[in-house]
Amino acid sequence: MAEPPKARRTFGPVVLLGLAGAGLAAVSGSKPWVTGGSESVEGDGGSALASAMSLSMDGLRGSPLAAALALTLLACWGVVLVTRGRFRRAVALLGLVTAVGMVVVTIEAFWSLPDKLVDALLEVSGTATVTTGFTGWYAAALIGATVSVLTTFVAFRHVPTWPEMGSRYDAPAGSKTSGEPDAAAAPTENIDIWKALDEGRDPTA
């Protein structure tokens, strides 16, 4: 019987960590993931002129799904905060699938992006001397995607026990039962009218 209260306590930390992971993935998805340089040497007689040029390929162009999936996951977290019931859990499942897709795209970029950058450098420089390396943004994207998978999995598992938005934010349900103390008479004082409005009742009814 102690499991539901314990699961409810995961709501705040998991949501905050999930938002942080998705936000990190979204920001790093538009930053350079791979950088590289190409050095060409031109000589005339005994002298040589060395010129170096560097290019960078960012993750958004190399993996267009990375930033898009991260933004989708941020939207999923927002929906989880304001919905209830089965729809809420369905959105949590969608977030988990999106997070797994982020991991797959990020890992795939480990092999594809350096090759794309090498081809671009060779085409521009016309030399076989090319070096590439990953930036810290790629590591950040991988961390954000991994954190997103963990948090969305916990969300999908425990979301039925998480706190939900109160029904007071819904549209008024209509008639009240006869057992309620304020059903017999309509409010007349200003303070009573404001209380009725705050409770979602129509004071003029």
Open item on the list: Can you give me the long-range amide H partners of residue 135? Hydrogens built in the peptide plane at 1.01 Å from N, cutoff under 5 Å, separation of 5 or more residues or another chain.
Closed with: 34, 35
- [ ] For the stretch 94-105, take each phi angle, set θ = phi - 60°, evaluate the Karplus expression 6.51 cos²θ - 1.76 cosθ + 1.60, and give the result in whole Hz per residue in order, putting x for glycine and proline.
- [x] 4, x, 5, 4, 5, 5, 4, x, 4, 5, 4, 5
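Rule-based calculations on the coordinates, nothing more; no lab input. The model shown is predicted, which means the values in this text are computed figures rather than measured ones.
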